[in-house]
Amino acid sequence: MTVIYKYDITELLVLGNEINIPCSAKFLSIQLDTKNDHMCMWYMVEPNNPSKPLKIRVFGTGHELPYHIDDMTYRGTVINSLGLVWHVFEERT
């Protein structure tokens, strides 16, 4: 059964850069959840598939980017209620 899951990635700014997600998940969207001002990503997943860690990297506008940015997949830009602009990438595995 395929379902859509929401993953809150706001904590990744402070606590790390991985989420566990079922294998073969397909990225759908990234947006600000206005109920709590959190950055969230939505994926289409098969919940019974084994999970794998997915590395997410978040960079603010004007922040220095790592040398291996070309090895990442850009997923979108989110502006929070404070006007801070965040650019979200997935590290390719």
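Summary table
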| read-out | value |
| --- | --- |
| Positive-end extreme of charge dipole, the stretch 1-60 - chosen from Ile30, Gly60, Asn49 (charges on Cβ) | Asn49 |
| 222 nm mean residue ellipticity, helices alone, for the chain (DSSP H n ≥ 4; -39,500 (n - 2.57); rounded to 500) | -500 deg cm²/dmol |
| Residue-span extension gain [Tyr74 to Asn48] - 0.36 nm each, minus C-alpha spacing | 6.7 nm |
| Per residue, the convex hull volume that the Cα atoms of the chain enclose (Å³) | 98 Å³ |
| Rounded to the nearest 20 debye, dipole of the chain from Cβ charges on Lys, Arg, Asp, Glu | 220 debye |
| Cα lying deepest toward the dipole's positive end in the chain, options Ile19, Val88, Met1, charges on Cβ | Met1 |
| For Ser51, distant residues with modelled amide H under 5 Å away | Cys23 |
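Each value in this text was obtained by applying a stated rule to the coordinates, not by laboratory testing. Predicted, not measured: the structure shown is a model, and the values here were computed from it. With ideal geometry, Cβ positions are generated from the backbone for all residues, glycine too; neighbour counts draw on all protein chains shown.
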